[in-house]
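Here's the structure we're looking at; comments come further down.
The values are calculated or read from the model by the stated rules, or taken from the named source; none is laboratory data. Everything numeric in this text was worked out from a predicted model, so none of it was measured. Cβ placement follows ideal geometry from the backbone for every residue including glycine, while neighbour counts extend to all protein chains displayed.
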Amino acid sequence: MSYAKLRIPNKSIEESYKHTLARIQKIQSHLDHAPRGSKLKDKVGVITGVGSLKGIGRATAILFAHEGAKHLYLIDFDGTNLPNLKETIEKKYPDVKVTVQQGDAADEDVIKGVCEQAVAEEGRLDVFFANAGIASKNPLHDTSKELFVEVMRVNALSCFLAIKHASTAMLKVNPAVGKEYSGGSIILTASSAGLRSGAGSIDYSASKAAVNSMAKTSAYQLQKTDIRVNSICPGLIETGMTTFTFEYARQRGTAAKIGQLNALGRFGVAEEIANAALFLASDDSSYVNGQNFAVDGGLSASHPVVPGRLS
Ligand SMILES: NC(=O)c1ccc[n+]([C@@H]2O[C@H](COP(=O)([O-])OP(=O)(O)OC[C@H]3O[C@@H](n4cnc5c(N)ncnc54)[C@H](O)[C@@H]3O)[C@@H](O)[C@H]2O)c1
């Protein structure tokens, strides 16, 4: 039997796209009717890169609040949408404290400062989601040394600083606030581009490979502390970072083709990465450590070879 015949839904690409849009709408509206959870009850967390309206950071901040986080410290380089995010969370979840800060996730003073602030104000830090990042798309010979260094600074150095200073805070015990032992969860946003080639520019891919490496190395440097470090490797997600790709395809009438390369045959949305971040932040993942967690519809699971077309 040929694999072509096994392609289950005998649907046109337009029909599949309609199905994709309906599926995504359902995923994105989930929190509108889901009861409040308690997976992060009493937890204090920091998230970087929360400023983009369609971004992974914002979706995660809202989900963490839904799951009962006590206090969220939210940072972005671009302050434009921070007041809106604070207001949105506080209106829907009045029991969650929100502190927003305009700052550079790759600035050591900012990251050290926010970790110390959490310990000073709440007596503990439980979760750090180092999610801020920038993309570049220049081919090799148009990539300047300055661009390479800047992408490494924002994407990789920011994660190093998060691991260093968040773990310092997470090592502190404070029985007065229920923290009898050291512990916490550090989550880094890498990319499927950090797993293998073909999903990003050379500088971006190198920076995300560094992030994946740091998740593994730091998990061992922090051994026996109950501080876990993992990275998430998103595939193609519709956010501020990829708006151009999506808008361009829509203008050309090729939107239905976006995301066809992965096994699910569709793009993802920020809420799907937020769900993975919640898993890693909460005790649901208490034995998951030092992993690069691909959330990419299956993209990184396969070589780009189509079975049945080998001959
Ligand atoms: N969208 C995708 O397809 C995709 C795929 C793989 C990985 N990622 C990664 O996901 C993370 C989140 O990106 P997104 O897709 O939500 O994009 P986004 O552009 O919507 O959000 C990124 C946010 O990070 C902020 N930021 C950038 N540099 C910063 C800095 N130095 N300090 C503080 N904040 C800074 C931006 O202002 C923005 O609000 C990034 O690390 C990105 O590399 C995204």
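List of remarks:
- Qualifying residues in segment 11-30 (those that are hydrophobic (A, V, I, L, M, F, W, C) and free of Cβ contacts under 8 Å to residues at least 60 places away in the same chain) - the one surrounded by the most Cβ atoms within 10 Å (Cβ to Cβ): LEU21
- Test: residue in segment 75-87 that is acidic (Asp, Glu), in contact with a helix residue (DSSP H, G or I) (Cβ under 9 Å, 6 or more places away or on another chain) and within 16 Å of the ligand (Cβ to nearest atom): yes
- Pair list, Cβ under 8 Å, 6 or more apart: segment 34-58 residue among the small types (Gly, Ala, Ser) and at pLDDT below 95, other residue near the ligand (Cβ under 8 Å from one of its atoms) and assigned to a loop (DSSP other than H, G, I, E, B): none
- Residue in segment 43-56 that is crowded, with 24+ Cβ neighbours inside 10 Å and part of a helix (DSSP H, G or I) present: yes
- Counting only helices (runs of 4 or more DSSP H) wholly contained in segment 141-223, the ones carrying 2 or more residues that are surrounded by fewer than 16 Cβ atoms within 10 Å (Cβ to Cβ) and within 16 Å of the ligand (Cβ to nearest atom) occupy 145-151.
- Considering SER300, SER192, SER201, SER197, the condition of being under 30 Å from CYS115 (Cβ atoms) and either among the aliphatic types (A, V, I, L, M) or out of contact with any Pro (no Cβ under 6 Å at 6 or more places or on another chain) (or both) is satisfied by SER192 alone.
- GLY265 satisfies every condition listed in (1) surrounded by fewer than 21 Cβ atoms within 10 Å (Cβ to Cβ); (2) of a type outside the set (A, V, I, L, M, F, W, C); (3) part of a helix (DSSP H, G or I) except (3).
- Taken together, the criteria exclude LEU299 from residues that are away from the ligand (no atom under 12 Å from the Cβ), surrounded by 21 or more Cβ atoms within 10 Å (Cβ to Cβ) and modelled with pLDDT of 95 or more.
- Filtering segment 250-274 to residues that are within 14 Å of the ligand (Cβ to nearest atom) and either at pLDDT 95 or above or touching a Gly at 6+ places or on another chain (Cβ under 6 Å) (or both) leaves ASN262, ARG266, PHE267, GLY268, VAL269, ALA270, GLU271, GLU272, ILE273, ALA274.
- Taking residues in segment 224-244 that are within 14 Å of ARG58 (Cβ to Cβ) and more than 6 Å from the ligand (Cβ to nearest atom), and partners anywhere that are part of a helix (DSSP H, G or I) and not aliphatic (A, V, I, L, M), the pairs with Cβ atoms closer than 8 Å and at least 6 places apart or on different chains are GLU238/PHE246.
- Boolean, GLY123 is modelled with pLDDT of 95 or more, more than 19 Å from ASP78 (Cα to Cα) and surrounded by fewer than 17 Cβ atoms within 10 Å (Cβ to Cβ): yes
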